[in-house]
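The values are calculated or read from the model by the stated rules, or taken from the named source; none is laboratory data. Every value quoted in this text rests on a predicted model; they were computed, and no experiment measured them. Keep in mind that these areas ignore ligands, DNA and RNA; they rest on the heavy atoms of the full protein, side chains included. Shrake-Rupley method; radii C 1.70, N 1.55, O 1.52, S 1.80 Å.
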Amino acid sequence: MSEVEDYDDCFPPQALPIGTHKAGEKPQDGLQYLSIVHSEAARIPDVISADRRLFAPETGDMALRDHTMSSRDHTTALSFPSSLINEQVRKFSELRQYCSRMQSLHPNKLQGDQAQLNISKKTFDEEPCLSLVLSLSQVSVMELLDYIQELCLSTEQKSRVPGSIGCWVFSLLCVVDKPVPMDYMAIIRSVGRRCACLSSELFNTLSSENLQTSSEHPNFQFLVLFILVCHYFEQFDLLQEFGVKV
């Protein structure tokens, strides 16, 4: 027996507990997410050859992102006004602290399936109720954000973005617990990408001088949400994806 085989025998085949997860279902916690990773890893051969075409942008959000970037003047690096970033992050942080204090008055948590019963796309035409948002469990919050990014913020359905969808996203992000698990962060990143695509027309025109005028644009709310995802939740690589200077 080789030294490598002897070394491998010193370790158990499973070092971490792994939850059970049915194929096709979304993970509900970290253990189920680990189960998905474990099953996917088991199907990967020991040696693979990467095809660069696998990393080429496809349709949907990535295609719109590339179209947005290709239409820019690349001689000037795109950046958001620091005053806008600092102000929005500060206000968002203060609101999160307020929500955290208020949540102590709402100990009852709604189950994910209960919160989902009355949810439809029309739900997001009305502004969210504070008591409902504060009572949501983290699972329910992420289910709603996932629903929103798939159906309400889809670039394929851009003509029908619910009227109060920006308020819903902002409110739900206010009650997301930190640190954010990787599976939950993936949903938040998807929301950020959707918001960036919806507000892409502002990327080239936004500046400190026209900040007041730009804030009146109907899609300015999505730009703010994109900034919060990148700067408050520290997903700075999303800025680079859309050609924005970090």
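Okay, here's what the table says:
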{"read-out": "Thr213, Thr205, Thr123, ranked by accessible area, largest first (probe 1.4 Å)", "value": "Thr213, Thr205, Thr123"}
{"read-out": "Accessible area in the full protein assembly, largest first, 1.4 Å probe, for Lys91, Lys121", "value": "Lys91, Lys121"}
{"read-out": "Principal axis box of segment 131-239, alpha-carbon based, largest edge first, Å", "value": "40, 29, 27"}
{"read-out": "Heavy-atom accessible area order for Leu211, Leu223, Leu130, largest first, 1.4 Å probe", "value": "Leu130, Leu211, Leu223"}
{"read-out": "Kirkwood hydrodynamic radius (C-alpha pairs) into Stokes-Einstein, segment 158-208, 4 °C and 1.567 mPa s, D in µm²/s", "value": "102 µm²/s"}
{"read-out": "Anisotropy class of segment 186-246 from Cα gyration tensor, a/c 1.5 cut", "value": "prolate"}
{"read-out": "Accessible area (Å², 1.4 Å probe, nearest 10) - Leu78", "value": "30 Å²"}
